[in-house]
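These notes concern the structure reproduced below.
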Amino acid sequence: MRKIIAVWAAKLASVAGRIVGKKSSSSPGVLALKICPNLISILAKNVKKGVIVTCGTNGKTTTNNLLNAALEKSGYSTVCNNLGANMVGGIATAFARACNIFGTFKADYAVLEVDEASARRVFRHIKPDYMLITNLFRDQLDRYGEIDITVDLLNEAIDMADGVRLILNGDDPLTARFGEGRDAVYFGISEQVLPQTDETKEGRFCAKCGEEQEYNYFHYSQLGDYYCPHCGNKRPKIDFAATDVDLSESMKFRVGGRQIDVNYRGFYNIYNILAVYAALNAIGIKTDNFNAILSDYKPQIGRMELIPIGGKPFILNLAKNPAGFNQAIQTVLLDKRRKDVIVAINDLANDGRDVSWLWDVDFDKLGGANLNALITTGIRLYDISLRFKYADIKVDDITQDMKAALKKCLENSESDVCYVLVNYTALYPTQTTMLEVQKEVGGNELVTADKGGALSAG
């Protein structure tokens, strides 16, 4: 009876949240757990084949949801926290929503995105059979601390999930270390793709001996073909390797003898795709229709999301830490069109109050992005404006009014596209405002083809 009451309380809370315009992806689960503290472990018994968990700093929402879509396309039933609520409450909400009126559901797999710092708490309720880790970067220092703290937390969580099979990014020395002495498979990009002009900024020191490691080539941040000349630690043998990478038009590469060809934007998406491909193979699921799955997948909001306004392409992208912002900037640079850029930075609790990370972002590169106008906004609009000043990039407008910023970009006949780069709590309000402006002025269709290519998740 307690279980059924908890499920119904979560369902009613979800409905109430939607009525007042909230996503309600975590609080209904928090309420349900107060009524029935062991709700997740009880409901997890309805999952028949396995529990798959995705962790990591960047890309975990895209990877988790793409994996869920792949399983569904392959004929399996799933339960998934696809709105990105990745702590205990969010997982309880996903399970409760999946239930029928009797408080039960049937699913082959649970596909769960889990916050790195919360994994230990989540694993007290549910034990994963497979655990995918995308990467580890500095993120929300006032919450996570430095990377070594996150590494320790994840090691504890993996030990709790005794016997879990790991699917790891072998190009990330911090992530690859989790596989030592454990059942693990690795994915990675096994060739130099990007110009070797950036310095590694994260995890540049050997995870084993602490000395500075070197690279045969690297992709971004600390990801690449690394080795330590001091202790011999090096990139592991890659089980699922991307080769023959071509980003000239669509995104093309080969993995496992299969040609991947999709209209995704953002180099980092190769890692997201590889992670899903590796996970499917590790689980033992056929990937014959993998390209079709990728083509059909619709990303969550703000992952290079195209929102046409007045016939002009506006591209919304979430970037919440230095690694994410640097990859967003790289994508902007690859788009050769004349462009406006809006950058919105907040510092609410879910963003992290400490915005010193802005100084670790390569904003100076936007100077070579064929900029028409740069607009800053958000709660910390003056901080980001000051950062651009030190990067010697002119800010054309500083405003708290996102709608005004969007309309200014819309009126700029000199630009072909507008990129809107936001951090976490700015994402949903910005998308809402963009859709409001779209409704006011019309223009759901582009006047000209999107010369930059189709869009997908980041």
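Points worth noting:
- The rule of thumb for compact globular proteins, 2.2 N^0.38 Å, goes into the C-alpha radius of gyration of the range 244-360 1.24 times.
- Cα-centre dipole for the range 305-441 with unit charges at Cβ (Lys and Arg positive, Asp and Glu negative), debye to 20: 180 debye
- The range 244-302 and the range 61-137 have Cα centres spaced 21 Å apart.
- Distance between modelled label sites at Glu191 and Arg353, nm, 7 Å Cα→Cβ extension: 4.9 nm
- Evaluated over the Cα positions of the range 25-133, the convex hull gives a direction-averaged projected area, one quarter of its surface, of 6.2 nm².
- Kyte-Doolittle mean at least 1.0 and Cα axial length at least 27 Å: DSSP H helices in the chain: none
- DSSP beta bridges fully contained in the chain are about 30 percent antiparallel.
- The calculated 222 nm mean residue ellipticity attributable to helices in the chain amounts to -10000 deg cm²/dmol, summing -39500 (n - 2.57) over DSSP H runs of n ≥ 4 and dividing by all residues.
- Length-normalised contact order for the range 21-139 - Cα pairs under 8 Å, 6+ apart - percent: 43 percent
- When only Cα pairs below 8 angstrom with a gap of at least 6 residues are kept, the chain shows a relative contact order of 14 percent.
- Orientation-averaged projection of the range 63-208 equals 10.7 nm² [convex hull of Cα atoms, one quarter of hull surface area].
- Gain in span if fully extended, Ile5 to Asp383, counting 0.36 nm per residue against the direct Cα distance: 131.4 nm
- Checking every one of the trypsin sites (Lys or Arg not before Pro) in the range 213-265 against DSSP loop status and a limit of 10 other Cβ atoms within 10 Å picks out Lys237.
- Site pair Ser41 and Cys209 shows an inter-label distance of 4.4 nm when each label is modelled 7 Å from Cα along Cα→Cβ.
- Inter-site label distance for His230 and Leu306 at 7 Å from Cα along Cβ, in nm: 4.8 nm
- Shape class for the range 305-441: oblate, because the ratio a/c of the largest to smallest gyration tensor axis (alpha-carbon atoms, square roots of eigenvalues) is 1.5 or more and b/c is at least a/b.
- P(r) tail fraction, the chain - alpha-carbon pairs more than 32 Å apart, %: 39 percent
- For the chain, the longest site-free run once GluC sites (Glu not before Pro) in DSSP loop states with at most 15 other Cβ atoms within 10 Å are removed: 250-413
- The chymotrypsin sites (Phe, Trp or Tyr not before Pro) found in the range 43-141 that occupy coil by DSSP, while having at most 14 further C-beta atoms within 10 Å, are Phe102.
- Backbone N under 13 Å from the Asn289 label point (7 Å along Cα→Cβ), restricted to the range 35-69: 69
- Tensor-based shape of the range 226-266 (alpha-carbon gyration tensor, a/c under 1.5 rounded, otherwise prolate or oblate): prolate
- Neighbour counts of C-beta atoms inside 10 Å place His219, His230, His125 in the sequence His230, His125, His219, starting with the fewest.
All of the numbers you see were taken from the coordinates with simple rules; none came from a lab. Keep in mind the model is a prediction, meaning the values are calculated, not measured. So basically every Cβ, Gly included, is an ideal-geometry build from the backbone, and we count neighbours across all protein chains shown.
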